[in-house]
Structure formats: C-alpha cells, structure tokens
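Step one of this worksheet: look at the structure below.
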Amino acid sequence: MDKFVIRGGNPLLGTIKISGAKNSALPCMAAAILTEDEVILENIPQVQDIETERKLLVSMGAEVELGYGRAQHRTSIRCAVLSDPVAKYEIVKTMRASSLVLGPLIARTGMARVAMPGGCAIGGRPIDLHIKGLEAMGATITQEHGYLEARAERLKGAHIVFDKITVTGTEDLLMAAALAEGESLFENCAREPEVTDLVALLNAMGAQIEGAGTSTIRIKGVAKLHGARHRINPDRIEAGTFLIAGAITGGDLNIDCCNPEHLGALLGKLEQCGVKLDVGKENVRVHSGGKLQAADISTEEYPGFPTDMQAQFMTLLTQAEGTSVVTENIFENRFMHVGELNRMGANISVSGRTATIRGGAQLQSAAVMCSDLRASAALVLAALVADGESILDRVYHMDRGYEHMEEKLRGVGAQIRRMGDVFGKK
Ligand code: EPU
C-alpha cells in the first residue's frame, strides 16, 4: 500500500492547475449508457474512481477509451450494445457512485441489476430516494442477494418531490427521466454545479431539461438520445483543498483553471479567517495575510459550505487564533480525521455532529492513517505545516479523487514523496 512522506514547514509558492471534477465526470460517464452513439468527454481527471467507472461500463459491454495528457484527458464511450446490464458487487463495493448507472440502465435497456452499495467510512449512504423515484416512474424494483433488480417496459414521466436533497439521486433520476415517456417535474433537487454539468451534457445529447441549478427541474422525455462532446467542469473541491494549502502554509499560490463562481461559500469563510484572496475569472490567488482567525462552519447543500471541504477546513482552523465550531449536517460520520489530527497535536473535541477546535496548536509530525478521500486531504494539509516528517498510510483513498496530488504539491515547493510497499507483496 502506498504511503506519503511529507516534511512540513515550506510555504507553497507558484501555480497549481485544477483538474476536471470527479463528481461531474462520474455521472457524465454514466449518461453515455443512454445512447448507442459515441459520447466524448474532455477534462476527465486521472483518478481511481474514473478507472473504476470505466471497468464498470466495460463489464456491461461498452467500449471505453481513456487518454490522458496530450489527449486532453479525453474519454470516448460507446454503449452500442449493453449485453450485461449488471453492476457487480466487486466493482460497486469500491465506489458508491456506481448506483448512478441504475437510472440510465433501466431507461435504455428496460432492466438493471445493481449491487446495493453498503455503508462507507462517512456514513450509511442509502439509495432509497433513487428507488422511490424510479418506482414513481413505473419501474418494478426487487431486492435479492444484495442486488437490486429493476424492470420497466418504458419509464413514464413523474412528479417527484425529493424528501431530502441528494446529489447523485437527482442525477440518477434526471438520466432516467430524459428517456421516459412524457414530462417529469422534480422538486427539492440538488443545485450542485455537478448536476448542472450533467444536464449540459444531456441537453447536448438531445434531452429537453430546464431548470438545472435551481431546486425545480422540468424534463420532457424524448424517445432517443444521440452522441455528443462535452468538457467537464473544473473540480471545485480540488481547488478548495489547494486554496487551503496556500493559506495554511503562509504561501502565495495561484489556483488556476478553476471556476471561482463555484467556490462562493468557501471563499467567504477563508476571508473571514483573514486569508487574502484575489479572485479572477478562472483563477484565485491566495496569499498569506498574517495570522489566521477562528470561524464557525456548518455544512449544507450547495450553495452552502460543502461537506467535501469540511475536513480540510478543520485542519486550517487548528492553525487559527481562537475557538471554532464545525457542524456536519450532511453525513452522520464525517469526523474520522479528528482522531488523527489530535494525534498530530490538534485540540479538537467532538460531540455528535459538532466539533470544537481550539486553534493555535503547533502540529507535530506523526504516522497517521487515511480513512476516506477528504479526510486524507485534511491529513496532507496538516503534514504540510507540522514540524518534521509525517507518514500517511492508505493513500489509496486519496488516489480515488485527487489527480497527481503529490506532483502538484511538489511543483509549488512542498516536500512530499510517495512510497510504495518497501518489501513488496509476500
Ligand atoms: N440520502 C438518503 N437517501 C438517498 C440518497 C441520499 O437518505 O437515497 C442522504 C445521504 O445519506 C446523505 C444525504 O442524503 O445524508 C446527501 O447525500 P447525497 O445523495 O447528496 O450524496 P451522494 O450523492 O451519495 C455526492 C458526492 C459526495 C458528496 C455528496 C454531498 C458524488 C459521486 N459524490 O454523494 O462526494 O459528499 O454528494 O455533497 O457526487 C466525495 O467526493 O468525497 C464525496 C463523498
């Protein structure tokens, strides 16, 4: 298992280019199921979750080509024949977003067998709202041996009011409704930029969807969708993570090729902490503004403060003067990083969904364990300011969603190395 070795203390200086958003790329790849034609996606990040989704599509009979670097991080997907519309447990267990293929598979082939995703490090991850919505569109869904089996002659448009705001739930049902017979009206939808990105692709494929980015979305179902070419949005969570890297190390970083409009809640909180920001059209410069001050955050659905930035922001707060309170409202168990941060010398206590951070601690290097994708990022940030050399174990969590994290950080002056298994496998 790979590890990171990080020596803290260097201010980060220079420019980091942001990659395409993993959480946009995943639903956009699933959308290719909806047509027999080729779908070409650009700005696909080179991360493990994308490789997992490629495997998933290929296992169903799709042709998928992935090209990186000079190939513009382009993938072309052709689902001419879907001979095996099954999302197998071996693949789904490593990536909960696999449930995104449920809606498109039923819409395109009239049936789907998808392994139920279990819980994961951050909480239960149920998909009851996906199921309820598909049933409202006329699908019959049964559960057997850990798999959901869904069937429908042709889905019918429906009026769906989501009981709770769900990002992939909104995306899954949008894809199903795009090919359903008649009109659908969805209320209480997720407004995340990733939903808007998916809708831009679906409309380029011939779908008729209005209202993405608001909580009410109308879909006029069409009989067929065609191929399209689409460029994936920049990753707002990667951009946010590197903004914090600049702020916490007292550096001067230019975060380039991002969309500052998607970063509103985070930028506001960084300024409240005393971080200096120059916001451009496609970049944000972050530079040291002296001492950091405490701030409270409370995670919410977009455009609120993102749960995917909570762990990284907490690391920043360990370096701020005063006491901050972090409330996690989206997932029930997203404080796995706290124990490891405390082992590095932070002073954080957790009670239910709330963490209290007494800031101003000098973090110390330690051997720590990554528990999920964003928790890993929080530990990298802590190691960048700790005195001495830290070792981060299980960085495969990081590889699921950050493209070449260590190379990007090394390029701006961080001392970070990846180590493989020193003695190899038995
Ligand atoms: N929920 C239900 N029933 C459902 C679906 C969701 O109760 O059928 C609950 C969840 O348990 C959670 C809340 O609704 O409490 C919100 O979950 P949501 O469905 O919005 O999460 P998701 O779609 O599974 C996506 C991102 C996550 C991100 C969340 C919240 C992708 C592939 N994943 O997950 O990203 O944290 O939205 O913004 O888009 C990450 O990138 O590290 C990550 C975990």
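Express in Å², to the nearest 10, the accessible area of Leu34 obtained by rolling a 1.4 Å probe over the protein heavy atoms while all chains stay in place.
About 10 Å², ignoring ligands and nucleic acids.
Across the stretch 363-426, how large is the tail of the calculated P(r) beyond 20 Å, expressed as a percent of all Cα pairs?
Summing the P(r) of the stretch 363-426 above 20 Å gives 24 percent of all pairs.
³J(HN,Hα) across the stretch 323-339 via Karplus (A = 6.51, B = -1.76, C = 1.60, θ = phi - 60°), whole Hz, x for Gly/Pro?
9, 10, 10, 10, 10, 9, 9, 8, 10, 7, 9, 10, 10, 5, 6, 4, x
Going by a ≥ b ≥ c, the root eigenvalues of the Cα gyration tensor, does the stretch 329-380 fall in the rounded group (a/c under 1.5), the prolate group (a/b larger than b/c) or the oblate group?
Taking the square roots of the gyration eigenvalues as a ≥ b ≥ c, the stretch 329-380 is oblate.
So how many Å³ per residue does the convex hull of the Cα atoms of the stretch 1-91 work out to?
127
Step through the table entries Lys164/Lys220; Lys3/Lys291; Lys55/Lys220; Lys22/Lys164, compare each Cα-Cα distance with 25 Å, and write down the pairs that go over it.
As for pairs spanning more than 25 Å Cα to Cα, those are Lys3/Lys291; Lys55/Lys220.
Where only protein heavy atoms count, and the probe is 1.4 Å, what is the accessible area per residue for the stretch 140-256 in Å²?
Averaged over the residues of the stretch 140-256, the accessible area is 39 Å².
Mind checking which aspartates and glutamates have their Cα closer than 16 Å to the Cα of Lys132? Skip sequence neighbours fewer than 8 apart in that chain.
Straight-line reach from Lys132, under 16 Å: Glu149, Asp163, Glu171, Asp172, Glu187.
For the stretch 77-230, taking Cα atoms only, what is the radius of gyration to one decimal and the Dmax to the nearest whole Å?
That works out to 14.5, 40 Å for Rg and Dmax.
So if we plug the beta-carbon distance of Glu90 and Asp128 into 1/(1 + (r/R0)^6) with R0 = 30 Å, what FRET efficiency do we get, rounded to 0.05?
0.80
Among DSSP bridges having both ends in the stretch 101-205, what percentage is antiparallel? Round to the nearest 5.
In the stretch 101-205, approximately 75 percent of DSSP beta bridges are antiparallel ones.
If you bin every alpha carbon distance in the stretch 142-193 into 5 Å steps from zero, what whole percent lands in each bin?
Spelled out bin by bin, the stretch 142-193 gives 5, 17, 23, 21, 20, 10, 3, 0 percent.
For the stretch 105-155, what is one quarter of the convex hull surface built on the Cα atoms, given in nm²?
3.6
Binning at 5 Å from 0, report for the stretch 249-315 what percent of all alpha-carbon pair distances ends up in each bin.
All Cα pairs, binned at 5 Å, distribute as 4, 17, 26, 27, 21, 6, 0 percent.
Apply the Debye scattering formula to the stretch 1-153, with a single equal point scatterer on each alpha-carbon and no solvent, then give log10 I(q)/I(0) at q = 0.09 Å⁻¹.
Debye output, listed in q order: -0.34.
Could you name the aspartates and glutamates in cross-link range of Lys224, using Cα to Cα under 13 Å and dropping any fewer than eight places away on the same chain?
Glu36, Asp37, Glu181
Any number yet on Rg/Rh for the chain, C-alpha, Kirkwood?
Here Rg/Rh amounts to 0.98.
Taking only C-alpha pairs under 8 Å that are 6+ residues apart, what is the relative contact order of the chain in percent?
21
Based on the alpha carbon coordinates of the stretch 288-426, what radius of gyration and maximum Cα-Cα distance (Dmax) apply, in Å?
15.2, 50
Using only the alpha-carbon atoms of the stretch 164-322, report the extent along each of the three principal axes, biggest first, to the nearest angstrom.
The Cα atoms of the stretch 164-322 stretch 59, 31, 18 Å along their principal axes.
The values are calculated or read from the model by the stated rules, or taken from the named source; none is laboratory data. Note that this is a predicted model, so its numbers are computed, not measured. Reconstructed Cβ throughout: ideal geometry from the backbone, glycine too, with neighbour counts over all protein chains shown. The accessibility values were calculated without ligands, DNA or RNA, using every heavy atom of the protein model including side chains. Shrake-Rupley method; radii C 1.70, N 1.55, O 1.52, S 1.80 Å.
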